[in-house]
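The values are calculated or read from the model by the stated rules, or taken from the named source; none is laboratory data. None of these values were measured; they are calculated from a predicted model. Cβ coordinates were reconstructed from backbone atoms using ideal geometry, including for glycine residues, and neighbour counts include every protein chain displayed. SASA here: full protein model, heavy atoms, side chains in, ligands and nucleic acids out. Shrake-Rupley method; radii C 1.70, N 1.55, O 1.52, S 1.80 Å.
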Amino acid sequence: MDRALDHASIDPRRSTGGDKQRVRGLLGGFVLLMVAMLAAYASGLRYNGSPSYPMGFYLLKKLDRTPELGALVFACPPDTEAFREARRRHYIGQGTCPAGYTPIIKKVAAEPGDVVEVGSAVTVNNVVQLNTDIAATDGQGRTLKPYQGGVIAPNHYLLLSDFYAGSFDSRYFGPLHRRQIIGNAQPVLTW
């Protein structure tokens, strides 16, 4: 038997300088990845993992004016019973919004003064909104309580998803105040 074997290569308790370099390289790569992710977040890059709109990365553009009809926006859910129940049912996650929820991504479907009717679907000023059929229950058979409709109050907006019919949107939680809308959502890389 050849006694010239490197004991470090057969004894896992012994490390070589190469092992330490690999660990340092991995740690350095991890730190660089974290710095890049923080920089992307600070510049407004957000990930949407909800099926309400195509999953992927969106750029959050701060609003300096009134939200526009048809605009795709990010909103922070308020701490209401509807959103607490949505969190318990895992419709929305825990996140960075002041009430502790993840931001939601929806389209502005109605603005102050618009008339919203909720029947088998949602209509805004007598125009049926795409993919807004009202479900009596969710996918697990739990009862859903729809918004009752009415005239949109000042500084409030109806937020819907015209992309996914099963979205948890204003059909169920009603209009949100302007202060809940944190910015426009511009798709960057989606699938």
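If you check residue 46 against the conditions, is it at pLDDT below 95, surrounded by 14 or more Cβ atoms within 10 Å (Cβ to Cβ), touching a Phe, Trp or Tyr at 6+ places or on another chain (Cβ under 7 Å) and of a type outside the set (Ser, Thr, Tyr)? Criteria met by residue 46.
Only residues that are among the hydrophobic types (A, V, I, L, M, F, W, C) and open to solvent by 40 Å² or more (accessible area, probe 1.4 Å): list them for the range 57-81, please.
Going through the range 57-81, the residues among the hydrophobic types (A, V, I, L, M, F, W, C) turn out to be 57, 59-60, 63, 69, 71-76.
Listed by number, the residues that qualify are 57, 59, 69.
The single condition among (1) exposed (fewer than 12 other Cβ atoms within 10 Å of the Cβ); (2) at pLDDT 95 or above; (3) within 22 Å of residue 185 (Cα to Cα) that residue 100 does not satisfy is (1). Name the single residue, out of those in the range 130-160 being of a type outside the set (A, V, I, L, M, F, W, C), out of contact with any helix residue (DSSP H, G or I) (no Cβ under 8 Å at 6 or more places or on another chain) and more than 15 Å from residue 118 (Cβ to Cβ), that is least open to solvent (accessible area, probe 1.4 Å). My answer is 138. Each residue in the range 103-129 was checked for being in contact (Cβ under 8 Å) with a residue 24 or more places away in the chain and loosely packed, with under 13 Cβ neighbours inside 10 Å, and 1 pass.
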